[in-house]
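The values are calculated or read from the model by the stated rules, or taken from the named source; none is laboratory data. Since this is a predicted model, take the numbers as computed values, not measurements. Note that each Cβ is placed from the backbone with ideal geometry, even for glycine, and that neighbours are counted across all protein chains shown.
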Amino acid sequence: MTSPTGEIYRIDWLPGTDVLHGTCHCGAEHSAEDPIEMWEWMLGHPEGHAPRDPHAPNIRHAPNISSDPHAPQGNGS
């Protein structure tokens, strides 16, 4: 058994999409539809990771969700 590292990996699913949004323990962020791609990116730290600018706004692109059940959803693909 290994000891805990204290590293936290976070993956959120963006409802209404197939998009996963991951945040590495270093602060880098990445989005992908493939869970395997997401975990490979996470576990590949530090390759491909650049910490998020702490002064940048924390904006996540939410899907286009309408209260009309017959309205088109998402990005149309």
Does ARG52 count as modelled with pLDDT of 85 or more, basic (Lys, Arg) and surrounded by 10 or more Cβ atoms within 10 Å (Cβ to Cβ)? no
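Looking for something of a type in the set (Phe, Trp, Tyr), part of a loop (DSSP other than H, G, I, E, B) and either under 12 Å from the mean Cα position of the chain (by Cα) or modelled with pLDDT under 90 (or both) - is there at least one such residue anywhere in region 9-16? Don't jump to the end; show me each part of the working.
Of the residues in region 9-16, the ones of a type in the set (Phe, Trp, Tyr) are 9, 13.
Applying the additional criterion that residues be part of a loop (DSSP other than H, G, I, E, B) yields 9.
This time we only want the ones that are either under 12 Å from the mean Cα position of the chain (by Cα) or modelled with pLDDT under 90 (or both), so: 9.
Yes, region 9-16 has at least one match.
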